[in-house]
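Data block below; observations after.
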Amino acid sequence: MIQIACIPSRMLLVYLTLYFLFPVFFWTNRYFKFFVMYCLLVLAISILIQRPLMLIFVQPAYLPNWGTNNFFGYSEIINTALDINIAAIIPLGHHIFKRVEVLKKSNKKLNQEKILLKENSLTPTLDVKVEKTIHKVLLTDILFIESQRNNIRIKLAKTELIARHNISTMENLLPKNTFIRVHRSFIINHGKVSSFSPTKIEIDDVSIPVGRKYKEVIKELLGYN
């Protein structure tokens with residue numbers, strides 16, 4: 001009967017904690033406020049609900065010679081608070097455990113989505129104006145760029161474009177970690193190099209000369225020993 005009389009207090013503590021204290025304080029990272037509010041809630045339930053039940057119903061009927069009849073007895077209130085708190089720890093702990101598992105799964109899913117987005121993200125492009133048309137050229141499709149007087153030739157995997165651009169301006173537009181200036185007239189995509197030496201580079205069966213001023217830089221970047 002003592003345990004049955006404790007059920008309303010324990011249920012109230014659990015439900016108020018789950019549906020009020022957790023959402024308002026704990027899940028918003030206000031842990032100290034959660035702790036303070038939880039202690040106040042346990043104290044309030046102990047004094048307003050559990051102590052009256054014990055003094056009016058349980059103690060006269062089942063424990064006539066037990067303890068004290070002092071409603072605000074310090075030790076009695078503490079014992080009552082500990083009793084309902086210990087019973088609430090299991091469901092509250094289970095709720096926290098479930099929430100942590102959900103967060104772990106959510107974080108795992110987010111990480112997988114980030115990886116997928118990264119893998120499927122659009123490849124950077126270069127806008128190239130040929131006469132009156134703007135071509136969006138995938139950087140991964142560019143084999144090399146050659147200067148031809150006032151124009152440049154952009155050699156792609158399956159075709160080529162002739163555009164009215166300056167090769168030095170084009171060099172500044174391209175990512176330095178992928179495209180290398182090897183000659184005053186050539187910029188190459190070093191991921192497309194099939195073979196190289198200090199004097200020439202082969203890309204798609206095209207031999208590209210290495211300028212004297214670029215030789216040492218090219219040797220270092222391409223790992224020529």
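For Cα pairs less than 8 Å apart in space and 6+ apart in sequence, what is the mean separation divided by the residue count of the chain, i.e. the relative contact order in percent?
Relative contact order for the chain comes out at 11 percent.
Quick check on the chain: helices-only [θ] at 222 nm, where DSSP H runs of length 4 and up contribute -39,500 (n - 2.57) each and the sum goes over total residues. Nearest 500, please.
-14000 deg cm²/dmol
Run the numbers on region 126-225 and let me know its relative contact order in percent, using alpha-carbon pairs under 8 Å that are six or more apart.
18 percent
Quick one: 3J(HN,Hα) in Hz for region 139-151, Karplus 6.51/-1.76/1.60 with θ = phi - 60°, rounded, Gly and Pro as x.
4, 5, 8, 7, 8, 7, 10, 10, 7, 10, 6, 8, 10
Relative to 2.2 N^0.38 Å, what does the C-alpha radius of gyration of the chain come to as a ratio? Two decimals please.
Scaled against compact globular proteins, the figure is 2.20.
Taking the Cα centroid of region 137-162 and of region 180-225, what is the distance between the two, rounded to the nearest whole Å?
Each part reduced to its Cα centre gives a spacing of 16 Å.
Could you report the accessible area of residue 102 in Å², rounded to 10, computed with a 1.4 Å probe on the protein chains as they sit in the structure?
Taking all protein chains as shown, residue 102 has close to 90 Å².
Considering amide H positions built from the backbone, and no H for Pro or chain starts, which residues 5 or more places from residue 143, or on another chain, come under 5 Å of its amide H?
Those qualifying (amide H under 5 Å, at least 5 residues apart or on another chain) are 155, 156, 157.
In nm, to one decimal, how far is the modelled label at residue 48 from the one at residue 173, with both set 7 Å along Cα→Cβ?
7.1 nm
Of 109/129; 158/215; 33/104; 108/158, which pairs sit farther than 31 Å apart, going by alpha carbon to alpha carbon?
The answer is 109/129; 108/158.
Below 12 angstrom from the Cβ of residue 138, what's the summed charge of the other residues (Lys, Arg +1; Asp, Glu -1)?
0
The values are calculated or read from the model by the stated rules, or taken from the named source; none is laboratory data. Nothing here was measured: the structure is a model prediction, and the numbers come from that model. Note that each Cβ is placed from the backbone with ideal geometry, even for glycine, and that neighbours are counted across all protein chains shown. Note: accessible area is taken over every heavy atom of the protein model, side chains too, but ligands, DNA and RNA are not part of it. Shrake-Rupley method; radii C 1.70, N 1.55, O 1.52, S 1.80 Å.
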